[in-house]
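Working notes for the structure below.
The values are calculated or read from the model by the stated rules, or taken from the named source; none is laboratory data. Source: prediction; values computed, not measured. Ideal geometry is used to build each Cβ from the backbone, glycine not excepted, and the neighbour counts take in all protein chains shown. What goes into the accessible areas is simple: the full protein's heavy atoms, side chains included, and nothing from ligands, DNA or RNA. Shrake-Rupley method; radii C 1.70, N 1.55, O 1.52, S 1.80 Å.
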Amino acid sequence: MFKKWLKKLICIALAGITTLGTSLTALASENTPVDPSNVYATTIDELTDMSRETIDALSTEEIDGYFEGAFSVDADDYSYEQKLSAVEAVSLVGQFQEATNQSNSMVRATSATTEALSSYTGKKGVAWVRDTNSSPLTLAEAVSGVYTLEVDYVTYYQAVTIYALGSDFDFFNSVKNAATTAIAASLICSKLNLPANAVIPATAISFGVSLGWDVLSTLDRTAMSNVIQDMEYTSLVRVDFITANNYVTIGYECFDLPSSDVTWESSSDCFKYNNIPNPTGKYGNWHTDEIGYLYSFG
């Protein structure tokens, strides 16, 4: 009889220890801080179809539901402002990815990669566009509302052409209505005090004009001027389309590759740029001869 009771007591004790161990493990898991840089967003189709105004009008309970659905974390651990920012970000990135998928189906791009662009020979520039399937938005980015989805590298002559065309409406029209490319190029050189023999590519002029005055008139000319003054003919302008508080702002920076990575290609009448770096280290697609790929320069 005593042995029977002893066996029962041992079984109860073991069960209690097992339950306690399980509880402590669960408690430890609950108390382990979540690293927001290692939590990734899941696309929610409903949010992709919503405008910012619609999201802002959602109830607190609805925001919590979408937040937990996108990130699988406890909504109670975050403020309303953080959750709202995160839900808005998931919506915007969903729309971005949808537009990217549509564009990629029409325009050839490299496969998604974290690597540099091995080479580019051209007169316009290239765009790096984040692949949010391979590098989804993190919780840290979403809560802060700060992330970058596109970075462009623009050639010298393309940059100065855009800058010149945005100087005033009359000048824009004079270039737009120039009888020949040579006359248009001469006007731009004169406007910027460039050497008379400077060669402004026809592609640079046509792209600049295609932006239209409404876009060109909104450029941050002070920022662009500061960058252009630092440029050599071999330089690129790095254009970052930065989303801050879920609104896009544009940053300009003079970017120079090592001299060994830039060579003149006489057969193409332009420079060849090697090893253009991935601007973020995240997965993205490179689009050659495409700038302002999904965003406007203005």
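Within the accessible area of the chain, what % is carbon and sulfur when the probe is 1.4 Å and the other protein chains stay in place?
Working: 8320 of 15610 Å².
Using a 1.4 Å probe with all protein chains present, the chain comes out at 53 percent carbon and sulfur.
Need one word for the range 191-231: rounded, prolate or oblate. Basis is the Cα gyration tensor (sqrt eigenvalues a ≥ b ≥ c); a/c below 1.5 gives rounded, then a/b vs b/c decides. Please report the intermediate quantities before stating the final value.
On the way: a/c = 2.39, a/b = 1.10, b/c = 2.17.
Oblate shape, in that a/c is at least 1.5 and b/c is the bigger or equal ratio.
Give the long-range amide H neighbours of residue 135: residues separated by 5 or more places, or on another chain, with amide H under 5 Å away, using H modelled in the peptide plane at 1.01 Å from N.
Excluding prolines and chain starts, which carry no amide H, the hits are 283.
Given +1 on the Cβ of Lys and Arg, -1 on the Cβ of Asp and Glu, and no further charges, what dipole in debye does the range 83-229 carry about its Cα centre, rounded to the nearest 20?
Values: 8 positive and 11 negative charges, 77 e Å.
With only Lys, Arg, Asp and Glu charged at Cβ, the dipole is about 360 debye.
What number, in percent, do you get for the relative contact order of the chain if the mean sequence gap of Cα pairs under 8 Å and at least 6 apart is divided by its residue count?
Numbers: 450 pairs, mean separation 76.4, N = 298.
Computed value for the chain: 26 percent relative contact order.
At 222 nm, what helix-only mean residue ellipticity would the chain give, in deg cm²/dmol to the nearest 500, using -39500 (n - 2.57) for each DSSP H run of four or more?
-14000 deg cm²/dmol
Treating only the Cβ of Lys, Arg, Asp and Glu as charged (+1, +1, -1, -1), what charge dipole size does the chain show about its Cα centre? Round to the nearest 20 debye. It would help to have the intermediate numbers written out before the result.
On the way: 16 positive and 36 negative charges, 199 e Å.
Charge dipole of the chain: 960 debye, to the nearest 20.
Any idea what the dipole of the range 149-298 comes to, in debye rounded to 20, about its Cα centre with Lys/Arg Cβ at +1 and Asp/Glu Cβ at -1?
Working: 6 positive and 16 negative charges, 34 e Å.
Approximately 160 debye in magnitude.
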